[in-house]
1. Do we have T105 as of a type in the set (S, T, Y), at pLDDT 90 or above, surrounded by 10 or more Cβ atoms within 10 Å (Cβ to Cβ) and farther than 30 Å from A20 by Cβ here?
2. Which residue pairs have Cβ atoms under 9 Å apart, sit 6 or more places apart or on different chains, and have a first residue in the stretch 87-108 that is within 22 Å of T15 (Cβ to Cβ) and a second that is assigned to a helix (DSSP H, G or I) and of a type in the set (F, W, Y)?
3. Looking at the stretch 1-88, what helices (runs of 4 or more DSSP H) fall wholly within it and have at least 1 residues that are among the small types (G, A, S) and farther than 29 Å from E114 by Cβ?
Amino acid sequence: MAIADDLKKTLTDPTPLYFAAGTADLAVQQARKVPELIEQLRAEAPARIEAVKNTDPKAVQDAVTAKVAEVFGAIDPKKIGETAQDLALRGVGVAAEYAVRAKETYDKVAVHGEQAVRAWRGEVSEEIVDIAVVVEPEPEPEVKKAEAAAEQPPAPRKTSARKTAAKKAAVTADDAG
């Protein structure tokens, strides 16, 4: 039964839907920045192209060759086994850290998505309501009495004593019976 309960909980959990809504909302926010970035790149492109044209390919090739020789010269074949094991252990630690960060980011995006869905629906956020309750001072007693008096329904209207002939006949028939 535990598997069935877990499956029911998974199927009724709105968090993945909120995550999708949050992702969509964040994507829209980033997409709104694209025209500005395009204009920036368009303005910077001529200077970058000119810098690439003025670069000496022979100098770049020599710098890369020197760096590769330096890296290969620093490798000690005796320490490769130790280094590989050390790197594997570090990799496991980094993977665990990234898993924790991924879960935190997932939760943040899901919360953002829940807020976005509320905004799309026009609902007021619970936090805003909580803040309003804390910030808004208690009204004075006189104001409370005035509000209570305003909320009371008006007194029922008195009807006139006139009755139509049909109503009189119905009342008379009921009294006789």
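The values are calculated or read from the model by the stated rules, or taken from the named source; none is laboratory data. On a predicted model such as this, the values are computed, not experimentally measured, just so you know. As a convention, Cβ positions derive from the backbone with ideal geometry for all residues, glycine included, and neighbour counts pool all protein chains shown.
1. no
2. The qualifying pairs are Y106/F19; D107/F19.
3. 34-53, 57-73
Quick grid of which residues meet (1) of a type in the set (S, T, N, Q); (2) in contact with a helix residue (DSSP H, G or I) (Cβ under 7 Å, 6 or more places away or on another chain); (3) modelled with pLDDT under 90:
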site	(1), (2), (3)
P35	no, no, no
K58	no, no, yes
K78	no, no, yes
H112	no, yes, no
